[in-house]
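> Attaching a single structure in C-alpha cells format; questions to follow.
Bear in mind these aren't lab numbers, they're just calculated from the coordinates by the rules spelled out. These figures come from a predicted structure and were not determined experimentally. Here the Cβ positions follow ideal geometry from the backbone for every residue, glycine too, while neighbour counts run over all protein chains shown.
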Amino acid sequence: MSQQLTVIGTGVIGNGWIARALARGWDVVAFDPAEGAEARTRAFVDNAWDSLEKQGLAEGASPERLRFVASLEAAVEGADLIQENVPERLELKCEILAALDAAAAPETIIGSSTSGFKPTDLQRDCAKVPGRVIVAHPFNPVYLLPLVELVGGEATTSATTDTAQALYQGLAMRPLVVKREIEGHIADRLMEALWREALHLVNDGVATTEEIDAAVVYGCGLRWSLMGTFLTFHLAGGEQGMRHMLEQFGPALKLPWTKLEAPELTDELIDKVVEGCEYQAAGRPVAELDRRRDDFLVELLGLVQKYWPEAEGLEGRI
Ligand SMILES: NC(=O)c1ccc[n+]([C@@H]2O[C@H](COP(=O)([O-])OP(=O)(O)OC[C@H]3O[C@@H](n4cnc5c(N)ncnc54)[C@H](O)[C@@H]3O)[C@@H](O)[C@H]2O)c1
C-alpha cells in the first residue's frame, strides 16, 4: 500500500519534501495558507522532475499524486508521516506543532525541518503525544540531497527515532541520528562557521562573493563532497595521516585564522553580498540555476557512490 506524506508549509523546503516523496511513489497532501501556494508548488515540482527522472523514479511515481487541502486538520488525515516546514520562528513553529499534535492520529510521527531550534523547545506546547515530535532537518534541494538529521528532544521516545529512521529511509534518505540536541544541529553549525567567515571576508574588503565561491568550488568543496572535513585532513597529513597533519597545523589553531563571531549585518554588507550574488547569477533566474545544480548533483551523487561505495552502509556506522 502506498504511503502518505503530509507537508505543512510549501516554501523552498516544503516543496523539496513534496518532490522527493512524489518521486519515491508516495501520495502527498499539502497545506499552505498563502495565496497561489499550490500553483507555485506545481511549478516547482515540474522544474525538479527532470532531474528526478534522471535519478530514477519509484514505480507509480507521479506529480498527480499531490493534493492540496484547505486546512491543517484535513492535511493530517491518513498521514504516515507529517513534515512541518513553516518559517523559522519559534512561536509559530510551536503553535503549528501543537495543532498538528492535537489533530493527528497518535501514532503518526511529526518531523520538523527546523534549521536550528532544539526539539525540546518545539515540543513544549504539544499536549497529546509530544514524544512523536522529532527534528528532521533536510538540505536544499531536499529532493536530491540524501541527508536528514534526526534530533530527539526530552520527550522524544526511542520508538519515535526508530520509526522516523525507517520512514526517512523509505524516502531514500540517509538519516543521521544526532545524539544530543544542540542549536543548529551538526551540519548547520559547520555551514554557519564558514558563512560567518565568508561574510567577514566580504565586509573587510578582502574578497568578493565570486572570489570566495571560487575558493570553495575549485578547492575545498570538491574534496568535501567525497570525504568531509576529517578524512580530507587525514590525507593532508601524508603517510602518517591525521597525526602528522595535527603536528604540522596544530599550532595554526592558536593563530588568528578565523573570527567566527558573525559580523554586524549592516545595509552596506547586505548590498555587497546581494550585488555580488546578482553579478554571479548574471541575469539567470533561480529556477534555471536550480536545474543546472540539480543535473550536477545527480551526476555527483553517482560519483560518490562509485568512488565511496562503503558510504552505502552509512546508516550502520552512525
Ligand atoms: N531554505 C533552506 O535552505 C532550509 C534548509 C533546511 C531547513 N530549512 C528550514 O525549513 C523551514 C522552512 O524554510 P523555507 O526556507 O522553506 O521557508 P519559506 O519562507 O520558503 O517557506 C515557508 C512557507 O511556510 C508557509 N506558512 C507560513 N505560515 C504558515 C502556516 N501557519 N501554516 C502553513 N504554512 C505556513 C509560507 O506561506 C511559506 O510558503 C524553516 O524551519 C527552515 O529553517 C530551510
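> Post the alpha-carbon centroid distance, the range 1-24 to the range 135-190, in whole angstrom.
Going from one Cα centre to the other spans 16 Å.
> Another question, if that's okay. Determine, at each q value in 0.21, 0.23 (inverse angstroms), the log₁₀ of I(q)/I(0) that the Debye formula gives when each Cα of the range 62-174 is one equal point scatterer.
-1.24, -1.45
> Figure the gain on full extension for Asp213 and Glu183 (residue separation times 0.36 nm, minus the Cα-Cα span) and round it to one decimal in nm.
8.2 nm
> In nm, to one decimal, how far is the Arg291 label point from the Ala159 one, both placed 7 Å along Cα→Cβ?
Result: 4.8 nm between the two label points.
> From the gyration tensor of the Cα coordinates in the chain, what semi-axes in whole Å does the equivalent ellipsoid have, largest first, with each one equal to sqrt(5λ)?
The equivalent ellipsoid of the chain has semi-axes of 34, 23, 22 Å.
> Here is a follow-up. For the pair Ala172/Leu303, report the inter-label distance in nm, with labels modelled 7 Å from Cα in the Cβ direction.
2.0 nm
> Give me the one-decimal nm value for the distance between modelled label points at Met227 and Glu310, 7 Å along each residue's Cα-to-Cβ direction.
The modelled label-to-label distance comes out at 1.2 nm.
> Still on this structure: Could you name the lysines whose alpha carbon sits less than 21 Å from that of Lys179, not counting residues in the same chain fewer than 8 places away?
Hits, sequence-local ones excluded: Lys118.
> Along the charge dipole of the range 4-177, which of Val28, Val69, Pro146 sits closest to the positive end, that is, farthest toward it, with unit charges on the beta carbon of Lys, Arg, Asp and Glu (+1, +1, -1, -1)?
Comparing the listed Cα positions along the dipole, Pro146 ranks first.
> For the range 191-209, list residues with backbone N below 16 Å from a point placed 7 Å from the Cα of Leu269 toward its Cβ?
Those under the cut-off are 192-209.
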